[in-house]
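Participant: Next up is a structure, given as structure tokens.
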Amino acid sequence: MKTTFDIKKGLEDVVVAESKVCFLDGLKGILLYRGYRIEDIAKASYEEVSYLLIHGKLPKKKELEKYKRELRKRRYISPRIIKLMYDYCPGTTGIEALRTTVSALACHDPDVLKVSLDDHKKNGVGLVAKFPTIVAAYERIRKGKRPIKPHPKLDHAANFLYMLRGKKLDELSAKTLDTDFVLHAEHGFNASTFAVRVTISTLSDMHSAITSGVGTLKGPLHGGAAREAWFGIHDMKDPDYVERYIEAKLAKHQKIMGFGHRVYKTYDPRARILKKMAFELSKKKGNSRWYNIAVNAENIMIKEKNIYPNVDFYSSIVYHNLNIPLDLDTPIFAIARISGWVAHAIEQYADNKLIRPREFYTGPKSMRFIPLEKRK
Ligand code: COA
């Protein structure tokens, strides 16, 4: 029997499966979804990208129309679920509300517990459709407002903004959020995706797997970075103050939020795309102050530390300009990432092996049992 183990804490650099969903090269700044470069795929709509990830190929026009119709039809959540949400939404965070609602949805529909490949696809797409409805209903309920029913004609991102506000937003706002969804839709074997795959590997159902994904995304080492990045940008206050702010932080060995990435050691290609969109949106909204501060910070960080902004840095400016509460950053991440989760769940199921790693036991081996009444 093997007695020595090569322990890889955090599974860093451990390859656990083959995958055809996503390729990333952090040294060269390359990200591909199913072989397509992120710079090209960012021109597609979220629905197209969701179809690509889940079905494995780009949809033709008719296939896309059908997929959009399906998503629109399945956006609604039942009054029973909304009634439950009134109970737990005030006083909790958006990501907790989302996690609880995905679980609750499974309790109300026996079909969601089926686990064939087709069932996984069907149930996964149903959740892709419902995520924006759940997050928007949470936001309305916690502010003491009534949830707004999905709009039957609007696309995914535009409908989300509509359900938050109760009115249609301009095209640039909808397009910017749509692209933000595309850029967050998939990113390889990150912690939440791995959690989804572990759950599916036990032959559990899609709702359980997505609940695992949401619960894992909730942790501050994974979701929540856009909010932190915004607090940093906000603290910089003024373009002229940025240099002093950063120097003071670096002198104290503190991190500048929104910079650096475990995988990307050059410019994160998603950040480059969002930077452009943040610029256009800020210009349109007539307030470029935060964008200018962000660009100053970027220039200083690259010059001083050779550390680049990550996707969340410019996302935070986009959310601010869209008037989206910054603490919705993790639920919005989930709205986008669920297509990647479903794609990975299906891939895991199609070539499954129970994921069950080993541990190296370092505890005692000869403890003497003392009955409760004699224990001191
Ligand atoms: N600000 C200042 N310095 C940073 C930095 C940042 N945002 N990110 C990394 N560094 C520095 C570290 O201080 C360290 O310097 P040292 O070698 O002199 O000690 C070096 O770069 C390596 O950092 P490390 O934290 O070990 O890199 P990592 O690859 O493990 O971490 C992150 C990646 C994302 C955890 C890290 O960059 C970070 O904490 N960033 C800020 C939080 C953030 O934006 N998270 C969202 C990620 S999508």
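The values are calculated or read from the model by the stated rules, or taken from the named source; none is laboratory data. Values in this document were obtained by computation on a predicted structure and should not be read as measured data. Cβ sites come from the backbone with ideal geometry, for glycine too, and all protein chains shown count toward neighbours.
Participant: For Asp329, which of the numbered conditions (1) within 16 Å of the ligand (Cβ to nearest atom); (2) touching a His at 6+ places or on another chain (Cβ under 9 Å) fails to hold?
Facilitator: Result: Asp329 fails condition (2) only.
Participant: Then there is this: Among the hydrophobic types (A, V, I, L, M, F, W, C) and more than 16 Å from the ligand (Cβ to nearest atom): which single residue out of Ile324, Ile307 fits that description?
Facilitator: Ile324
Participant: Answer yes if at least one residue in the stretch 208-216 is within 16 Å of the ligand (Cβ to nearest atom) and buried (at least 16 other Cβ atoms within 10 Å of the Cβ), and no otherwise.
Facilitator: Yes: one or more hits.
Participant: From the list Asp351, Asp327, pick out the single residue that is charged (D, E, K, R), surrounded by fewer than 24 Cβ atoms within 10 Å (Cβ to Cβ) and under 21 Å from Lys218 (Cα atoms).
Facilitator: Being charged (D, E, K, R), surrounded by fewer than 24 Cβ atoms within 10 Å (Cβ to Cβ) and under 21 Å from Lys218 (Cα atoms) holds for just one of Asp351, Asp327, which is Asp327.
Participant: Say we look at the stretch 257-278 and pick out the residues that are part of a loop (DSSP other than H, G, I, E, B) and in contact with a helix residue (DSSP H, G or I) (Cβ under 6 Å, 6 or more places away or on another chain); which of these is farthest from the ligand (Cβ to nearest atom)?
Facilitator: For the stretch 257-278, the residue satisfying everything is Asp268.
Participant: Going by what's in this entry, would Leu281 be described as under 23 Å from the mean Cα position of the chain (by Cα), assigned to a helix (DSSP H, G or I), away from the ligand (no atom under 16 Å from the Cβ) and not assigned by TED's automatic domain parsing to the domain that holds Gly29?
Facilitator: So Leu281 fits the description; yes.
Participant: Regarding the stretch 261-271, can at least one residue be identified that is in contact (Cβ under 8 Å) with a residue 60 or more places away in the chain, of a type in the set (S, T, N, Q) and within 27 Å of Ile302 (Cα to Cα)?
Facilitator: Scanning the stretch 261-271 turns up at least one residue that is in contact (Cβ under 8 Å) with a residue 60 or more places away in the chain, of a type in the set (S, T, N, Q) and within 27 Å of Ile302 (Cα to Cα).
Participant: Failed condition for Phe333, given (1) outside the structural domain of Arg197 (by TED's automatic domain parsing); (2) part of a helix (DSSP H, G or I), with all others met?
Facilitator: Against the list (1) outside the structural domain of Arg197 (by TED's automatic domain parsing); (2) part of a helix (DSSP H, G or I), Phe333 comes up short only on (1).
Participant: Out of (1) out of contact with any Phe, Trp or Tyr (no Cβ under 8 Å at 6 or more places or on another chain); (2) free of Cβ contacts under 8 Å to residues at least 24 places away in the same chain; (3) within 16 Å of the ligand (Cβ to nearest atom), the odd one out for Pro364 is which?
Facilitator: Among (1) out of contact with any Phe, Trp or Tyr (no Cβ under 8 Å at 6 or more places or on another chain); (2) free of Cβ contacts under 8 Å to residues at least 24 places away in the same chain; (3) within 16 Å of the ligand (Cβ to nearest atom), Pro364 violates only (3).
Participant: Answer yes or no: is there a residue in the stretch 290-300 that is surrounded by fewer than 17 Cβ atoms within 10 Å (Cβ to Cβ), within 13 Å of the ligand (Cβ to nearest atom), more than 26 Å from Glu48 (Cα to Cα) and among the aliphatic types (A, V, I, L, M).
Facilitator: no
Participant: Provide a single number: the residues in the stretch 116-151 that are touching a residue at least 60 places away in the same chain (Cβ under 8 Å) and surrounded by fewer than 16 Cβ atoms within 10 Å (Cβ to Cβ).
Facilitator: Number of matching residues: 2.
Participant: Which of the residues that make up the stretch 354-372 are within 25 Å of Val15 (Cβ to Cβ) and of a type in the set (Ser, Thr, Tyr)?
Facilitator: Tyr361
Okay, residues lined up against (1) charged (D, E, K, R); (2) over 24 Å from Pro220 (Cα atoms); (3) modelled with pLDDT of 95 or more:
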| residue | (1), (2), (3) |
| --- | --- |
| Met236 | no, no, no |
| Met257 | no, no, no |
| His261 | no, no, no |
| Ala271 | no, no, yes |
| Lys276 | yes, yes, yes |
| Phe279 | no, yes, yes |
| Ser282 | no, yes, yes |
| Arg289 | yes, yes, no |
| Ile302 | no, yes, yes |
